[in-house]
Amino acid sequence: MKNPKKKYSPFGKYFAYLDQIDKDLKSTQEFGSFLILSLVEEVGEIARAYLAKHGRKGINIAAQQDETYEQELGDILVSILRFARIKNINLHKRIMYSLNKIKRRQFKAKT
């Protein structure tokens, strides 16, 4: 029987999987810094792949053959999940906050 007080998190399965992957790393002091740097690297890779594919940058065959921006987006999401997990950040709550902030901005712009 599920605990009625425990809120559902759409990220629970991912966090459980990451617990297995990061079990020896997540308690180290350097791991948070590693994850931030990893996220920055992945953002650079998605930018390079997207710009190479959509012609805003000179043709970069290596970037196009390396990974697609869709694949890089998955890497970015995993980096965010890993960081949120070790810092005990409720991602669902943060996403809903940001979505509501966007909605408020759009409403204000129309008035």
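Rule-based calculations on the coordinates, nothing more; no lab input. Small disclaimer: the values here were computed from a predicted structure and weren't measured. As a convention, Cβ positions derive from the backbone with ideal geometry for all residues, glycine included, and neighbour counts pool all protein chains shown.
What FRET efficiency comes out for the pair residue 30/residue 108, r = Cβ-Cβ distance, R0 = 41 Å, nearest 0.05? So the FRET efficiency works out to roughly 0.45. Ranked by the mean number of other Cβ atoms within 10 Å per residue, highest first, peptides 79-86, 16-23, 30-37 order as 79-86, 30-37, 16-23. Separation of segment 7-43 from segment 65-104 is 12 Å, based on Cα centroids.
A simple spin-label model places pseudo-atoms 7 Å from Cα toward Cβ; at residue 68 and residue 90 they are separated by 3.6 nm. When the listed pairs 23/87; 53/103; 13/87 are checked against a 21 Å cut-off, the alpha-carbon distance exceeds it for 53/103. Distance between the modelled labels on residue 15 and residue 53, one decimal in nanometres: 3.1 nm (7 Å Cα→Cβ projection). For segment 82-91, backbone phi angles converted through the Karplus equation (6.51, -1.76, 1.60; θ = phi - 60°) give residue-by-residue couplings of 4, 5, 4, 5, 6, 9, 6, 8, 7, 5 Hz, Gly and Pro being listed as x.
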